[in-house]
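The values are calculated or read from the model by the stated rules, or taken from the named source; none is laboratory data. Nothing here was measured: the structure is a model prediction, and the numbers come from that model. In this analysis, Cβ positions are derived from the backbone assuming ideal geometry, glycine residues included, and neighbour counts consider all displayed protein chains. With ligands, DNA and RNA removed, areas are computed over all heavy atoms of the protein, side chains included. Shrake-Rupley method; radii C 1.70, N 1.55, O 1.52, S 1.80 Å.
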Amino acid sequence: MNALVYAMIYAGSVLMAYNIVRCYGFVQRMRKVSGLEMSRAILPIPLILLICFLIGYLAVALFGTPDLIIAGILFGGSVFVFIVFSVMYQIIGRLRESNARQDALYEEIRNELASLTEDCLSVLRVNLTRDEIEERAGKALSAEDLAAQSYTELLASREKRFLPTDAQHREQRAFTRAELLKSFKAGHSEVEETRYSLLEDGQPCFVKTHATLAVQPGSGDVIAFITEAVCNDEMVNETLINKALTGQYDAIASILGGQYRVVIGSAGQQGGALLACSYDDYLNLHLAPVIDASDEDKRVLLAALRAERLESELAKREPYSVPVALSLDGGVRYKRFDFYVVDQQAEFFILLQSDTTEARREERERNELLAEALTEAQRASQSKSTFLSNISHDIRTPMNAIVGYTDFAKKSDDPAQMREYLEKIDSSSKYMLALLNDVLEMSRIESGKSELDLTRASLPALMDDAYDLFERQMAEKGVAYSVDSSHVRDGCVICDKTRVNRVLLNLISNAYKFTPEGGSVEVRLLQLDSTREGYGRYELHVKDTGIGMSKEFTHKIFDTFERERTATASGIAGTGLGMAITRNIVDMMGGTIDLVSEQGRGTEFTVTLEFELQEREPGDNQPGSPCEPQYESIDFTGLRALLVEDQMINREIARMILEGFGFEVDETEDGAQALEQLVSSGAGRYDVVITDIQMPVMDGYGLARSIRKLDDAELARIPIVAMSANAFQEDVKASREAGMDAHVAKPIDIDILRRTLGEVLASAR
């Protein structure tokens, strides 16, 4: 019995000594598994057991003889401690493996974040357990950020750059220290947040903040690896994808093995859940009842949507599209079903359903606009064709007279008869010139090149000139004609004299043409009260007792190329441009034009215009004082003119006219010859230079500029008059800018040329 007791004591002692050695190794292993709370909780258990049994052994050895029970307890305790240490060794082994994996993951994350430094706004390594920033880098870190000692301080310094910054949002942010630790304890190793922010340069952007959470080897502290990067492009791409899916399509559905399931879209919802059923049930139970079509058309449409038809059509082309009209929401909505193949063998298809109602409406509106534009173009084409027909007739009529009477004049020896022929040729020529002016003026108005030329003018004088111009024609036709401007208080104004005269003459000419013998034409100019200081408001009335016009035509009379198609009106010559030109001129001058007309009873036009009043010289308050500069009559006899004209016939006509005025005329064919002759002759040789504009070698503008630059001051001041077929307002302006004193348009009006030369030469004296 004693032998057994001592054997057990001996064996237990050996085993206990071995346990003591293993305890040392166990402690060393535990040091390498730092940071694991589980290991710290398990470590005291075997140590306490070992100490208890070690004390028992010492007590037996020192104070008494052990019996079998004590020996058994000591031996069994040694075995139990051995077993506990063995189990603990296995646990520590697994913990060491886990710890090694965490170490590797930690280093991997650290290395990966180090490589992202250049691409990110900032990269942080934060010890959440200790609230310390272990590493920081990045171009978005400010001086205040770099000075922050703790992660909490860093968040506080950066919070002001994020928008919005309301308190509730800040409290719920996922990237506070407390929230990150909470996420880690909940088992989340990744946390992400996108916020609207301001960069250091003040530029707004969206910033995505991402945190990877891990345990730090050695200390066991929770570490957050945090990156910040601009995600504007990512948000754009995501938004575009979402918009493309949800904005372009009502629903996106899959058809797999005969089963229909809506993936995206409210169009396929039923009872709050996305619709899922067989494809046949979808067609028969959900789609067919709302198809807006006749029974026959509905059968054809459903046949086009059957699964076997899809397979057949999609084998030939993709997508396969079917338009469908559905009765929805109390109206008809137009849809387009586009089918695509995912896997033909598996009978896997995708249906993209889009609403085309608005597109169809817009297309219908576009078609209506196109139809209107086509109709308008056809109407304009017809109007222009009519215009060409009219103008061809109107040009051929005076041309016939010119050619015919010219032939008669060449054969006639009777001076009286020849004079009659020449007067008719002159009348026809002036009519042709008026036609040409109308066409050119309308072309310029429509191209936007027409501008007002404001000068001083007398409105009563314009009225008197209009009376003189039409007096004989009216008398010959037997039409009573009157012009009254006696009610005008301020007749001197600043206006475009030529265009005011054009309006007046167009209206009187129109009245003359459409008023038969025995009728009357009455022209009145009234002055009304003006609301603007320094301005006068005037109302021009042109009333006739002619054929009048229909109510329908009164709405079209101011359109280009329009003429009323009546038996009476169609027999009267005209291009249909006069009233359109008149309306445009009135609009340019900021006025209004109205008319009242009745067929068979006549027409009255009313034009309202407002002009700036001309300031008179001090002491010149007489009502009859002239508004325009007055020049004394000049005798051209003995004056010498240098005529510059490249066309022989035009040069001959101009020379005859000038010699008729009394000038001595020298001729040259281009600007270079004229300049050379002028310089070689010296100052005093010529009194005036009269030049064409378009000429070879040197044109009229170049000649004028060269003369004005001459060193001889007297020669450089010689009067220069342009006499050119370039008769538009910008041509007149260009002549003045080149240094010319006046501009006379071709064909030459002898009276205008005489008056212009008189004004220029009088001003030069």
Handout entry: Modelled FRET efficiency - R0 51 Å, residue 587 with residue 714, Cβ distances, 0.05 increments
Key = 0.60
Practice task
Round to the nearest 0.05 the FRET efficiency obtained for residue 147 and residue 189 when R0 = 30 Å and r is the Cβ-Cβ distance.
Solution key: 0.50
Problem - Nearby lysines by direct alpha-carbon distance to residue 298 (threshold 16 angstrom, same-chain neighbours under 8 apart not counted) - result: 335
Problem - residue 737 paired with residue 317, simple spin-label distance in nm, labels 7 Å along Cα-to-beta-carbon - result: 5.9 nm
Fill in the blank from the handout: Descending packing, highest mean Cβ count within 10 Å first, for 734-743, 407-416, 541-550, 135-144 is 541-550, 734-743, 135-144, 407-416
Handout entry: With all protein chains modelled, accessible area of residue 188 [1.4 Å, Å²]
Key = 100 Å²
Exercise for the section: Mind checking the full-extension length gain between residue 681 and residue 472? Use 0.36 nm per residue of separation minus the Cα-Cα distance, one decimal, nm. Expected result: 70.4 nm
Completion exercise
Given a Förster distance of 60 Å, the FRET efficiency implied by the Cβ-Cβ spacing of residue 345 and residue 134, rounded to the nearest 0.05, works out to 0.60
Practice task
With a 1.4 Å probe and all protein chains in place, put 432, 648, 579 in order of accessible area, largest first.
Solution key: 648, 432, 579
Exercise for the section: Could you calculate the contour length gain from residue 370 to residue 308, that is, 0.36 nm times the residue separation minus the distance between their Cα atoms, to one decimal place in nm? Expected result: 18.2 nm
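Taking 0.36 nm per residue of sequence separation and subtracting the Cα-Cα distance, how much length would be gained by fully extending the chain between residue 21 and residue 399, in nm to one decimal?
122.3 nm
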Problem - Per-residue ³J(HN,Hα) for the range 336-342, Karplus 6.51 cos²θ - 1.76 cosθ + 1.60, θ = phi - 60°, Hz, x for Gly and Pro - result: 10, 9, 10, 9, 10, 9, 9
Handout entry: Under 5 Å, built H, 5+ apart or other chain: amide partners of residue 134
Key = 125, 126, 127
Handout entry: Straight-distance crosslink candidates among lysines, where the alpha carbon sits under 27 Å from residue 733 and sequence neighbours closer than 8 are dropped
Key = 430, 449, 497, 709, 746
